[in-house]
Amino acid sequence: MKFGTTGIILALGAMQVAGESALAQEVEAETPANTTAEADVFAEAQGEARDRIIVTGVRGGSYPNGLEKKADFGAFGDRDLFNTPINGKAFAEQFINDQIALTSGDLTGRDASFAEGNSSNLTGQVQGFLRGFAISQSFDGGPLLFGRRFPLEIYERVEILKGPNTFHSGIRFNGGVGGSINYVTKKPTDADLTRITALYGGGSQFGGGADVSRRFGPDEAFGVRANLAYRDGEISVNGVREENRIGHIAFNWRNDVVNVDLQYGDTFGRVDGTLSGIGLAPGVSIPEPPDGRRFAGPEFAFQEFDYQFARGAVTAQAGENWSFFVNGGLGRANEEFLFNFPTVINEAGDIPINPASVFRETVRSDWGDIYTLDGGVRGYFETGTITHRLVISAGRNQTADQGGFGLPIDPGAPFIANFNDPRSLQFPAPTFTEPQVFPFRRNTGTGVLFADEIGFFDERISIIAGFRWSQLNQQTRPFGAPSPNGPTREFRQSDISPSFGVIVRATPYLNIFGNVLRSLEFGSVAPQTAVNAGEATPPVVGTQYEAGAKFDLGDYGATVSVFQIERPNPILDPDTLVFGLFG
């Protein structure tokens with residue numbers, strides 16, 4: 001059940017204070033970009049004579065419904081979606097606030113390419129599929145700095161970028177061939193901002209938040225923006241309580257040459273009353289679901305997520321047409337889970353419960369275990385009548401985890417519960433041993449990007465061509481191995497991901513585009529049910545072919561495309577129980 005979708009949410013006392021400059025910027029942003037001809041007619045009607053000025057860049061603002069007209073394409077920076085040969089969609093802060101969205105799951109379901117894989121969305125987790133493949137998730141156009149929880153209070157945009165993203169945004173440790181969800185954090189605004197929000201959700205969920213931004217100093221060179229949010233209480237499902245604490249602060253300093261962004265965030269979420277899923281024994285048909293207003297699981301079950309991150313980004317102009325950039329960040333994570341895996345064994349809905357199968361899981365990453373660093377140069381030059389926009393970058397990122405299980409001490413005797421009687425699923429939580437925590441996964445990626453956007457015929461036709469060289473190193477140890485000295489498996493592989501995109505500006509309102517994009521992903525780890533449990537598959541390469549059209553009429557935009565994606569798929573062989581790239 002999605003919190004905020006089935007419940008009732010009231011935004012009380014929302015207040016936003018902005019200067020007149022913000023209003024002026026908003027009006028300018030809503031002016032359609034392709035209005036040169038109309039402006040000429042207007043000028044002639046007024047008896048004015050003026051030179052035609054053509055400006056090439058990222059259009060500001062969003063559509064009236066709050067969808068943004070730009071997106072963050074990693075090493076390429078912010079780009080106009082209309083003039084980029086990739087199918088994408090960006091939900092702006094206005095849209096997020098208007099929909100009273102609390103998690104990205106409240107947004108991604110509005111795109112036909114996304115299929116949800118987690119029906120709860122509690123604590124902001126998002127699992128699902130883009131174009132039929134598991135999604136990857138990115139942070140300010142680059143690799144993630146923390147886990148799998150994304151409360152929207154700290155983001156100004158949530159972007160869906162479809163198709164492989166290795167070329168423009170680098171290596172992802174999970175998913176990526178079908179597309180990614182990119183979270184763009186809030187930065188200090190040009191105009192003063194004060195927004196106070198109170199919230200009530202179905203059940204007894206109360207909360208609120210504050211979003212404040214100011215600029216100071218000569219030419220308002222220094223900016224700061226702070227976000228604080230809190231909500232807690234029972235949601236619309238009886239027996240489920242959710243708590244969220246969110247804090248984020250961002251600093252900015254800028255002049256005519258240099259722009260510096262620094263930020264720190266801390267997010268905490270806990271759900272008491274959480275269900276890992278209900279399985280069905282072979283041959284048992286799907287029963288009628290229990291009453292959705294009541295939690296159908298043990299009351300002691302919980303999930304808890306605690307993440308911190310710090311990030312910096314510096315951009316420096318080097319003359320009129322060249323700029324340098326450096327981005328880096330660190331993250332840490334702590335996750336705790338306590339639950340069991342119930343299985344229905346017959347049509348009556350009986351569930352055998354063995355308290356010994358209940359377990360407590362801990363997953364941790366310390367400062368330095370998760371990091372990302374990249375830098376490069378962007379430039380513009382001409383060779384005759386042909387224009388070039390060059391991007392060269394290099395980077396490295398890593399995620400490492402340690403974890404373990406706590407085993408029940410004197411768990412109690414097995415018994416039979418029933419799927420249709422949630423009260424029968426309530427039983428005391430066992431006492432657990434202290435989890436034996438040790439490293440079990442370390443993924444490292446290094447890459448170099450070279451790309452050139454070549455413009456022909458006054459850039460009526462643009463071709464983006466280039467490649468990313470990547471080297472992957474994946475180390476795994478079976479999760480739950482008996483000691484820190486358990487076997488370690490390692491894969492090391494390098495690959496070149498060439499990519500190609502073309503966009504034809506057929507009319508001021510219509511662009512035709514196509515692309516050939518290649519992805520490189522880390523292998524998947526075999527589950528505990530496999531005979532090779534804990535072993536990782538080699539890295540996986542996927543390829544997409546796509547063609548389509550984009551329309552933009554100023555207040556309305558649309559994209560249509562056809563695509564084909566090919567990628568090996570890791571599966572568990574049902575006969576041999578070997579996990580590998582057999583799909």
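Look at the alpha carbon pairs under 8 Å that are at least 6 residues apart: their mean separation over the length of the range 359-415 gives a relative contact order of 46 percent. Ranking Ala134, Ser62, Trp322 by Cα position along the charge dipole of the chain, where only Lys, Arg, Asp and Glu carry charges on their C-beta atoms, puts Ala134 farthest toward the positive end. When the charge dipole of the range 270-405 is built from unit charges on Cβ atoms (+1 for Lys and Arg, -1 for Asp and Glu) and taken about the Cα centre, the candidate among Phe341, Gly331, Phe300 whose Cα reaches farthest toward its positive end is Gly331. Per residue, the chain reaches -1500 deg cm²/dmol at 222 nm when only DSSP H runs of four or more residues are counted, each adding -39500 (n - 2.57).
Of Lys162/Lys187; Lys162/Lys186; Lys187/Lys550; Lys70/Lys550, which pairs sit farther than 18 Å apart, going by alpha carbon to alpha carbon? Pairs exceeding 18 Å: Lys162/Lys187; Lys162/Lys186; Lys187/Lys550.
Based on protein heavy atoms only, the range 372-465 ends up with 49 Å² per residue of surface accessible to a 1.4 Å probe. Note on Tyr371: accessible area is roughly 50 Å² with a 1.4 Å probe, heavy atoms of protein only. Spherically averaged projected area of the convex hull of Cα atoms, the range 140-235: 8.5 nm². Relative to the longest principal axis of the Cα atoms of the chain, the long axis of helix 20-29 makes an angle of roughly 80 degrees.
Surface listing: Arg396, Arg215 arranged by accessible area from highest to lowest gives Arg396, Arg215, probe 1.4 Å.
Take 450-463, 231-244 and order them by the average number of nearby Cβ atoms within 10 Å per residue, most first; the result is 231-244, 450-463. The residues of the range 123-163 present an accessible area of 20 Å² per residue when probed at 1.4 Å with all protein chains retained.
Once the Cα atoms are used to define both axes, helix 36-45 deviates from the longest principal axis of the chain by about 40 degrees. Basic side chains Lys and Arg get +1 at the Cβ, acidic Asp and Glu get -1 at the Cβ, and with that the dipole of the range 126-239 about its Cα centre reaches some 380 debye.
Please state the relative contact order of the chain as a whole percent: Cα pairs under 8 Å, 6+ residues apart? Averaging sequence separation for qualifying contacts and normalising by length gives 11 percent for the chain. Under the criterion of Cα pairs below 8 Å and six or more residues apart, the relative contact order for the range 130-221 equals 29 percent. Can you find, among Ile160, Gly403, Ile171, the residue farthest towards the positive end of the dipole of the chain? Put +1 on the C-beta of Lys and Arg, -1 on that of Asp and Glu. After comparing all options, I get Gly403. Using θ = phi - 60° in the Karplus curve 6.51 cos²θ - 1.76 cosθ + 1.60, the 3J(HN,Hα) couplings for the range 347-360 round to 5, 6, x, 6, 10, x, 10, 10, x, 5, 7, 6, 9, 10 Hz; x is entered for Gly and Pro.
Of the solvent-accessible surface of the chain, computed with a 1.4 Å probe and all protein chains present, 57% belongs to carbon and sulfur. The residues of the range 182-227 have, on average, 39 Å² of accessible surface per residue, using a 1.4 Å probe with all protein chains present.
The values are calculated or read from the model by the stated rules, or taken from the named source; none is laboratory data. Please read all numbers here as calculations on a predicted model, not as lab measurements. FYI the Cβ positions are ideal-geometry reconstructions off the backbone, even for glycines, and counts take in every protein chain you see. Each accessible area value is taken on the protein alone, full model and side chains, heavy atoms only, with ligands, DNA and RNA left out. Shrake-Rupley method; radii C 1.70, N 1.55, O 1.52, S 1.80 Å.
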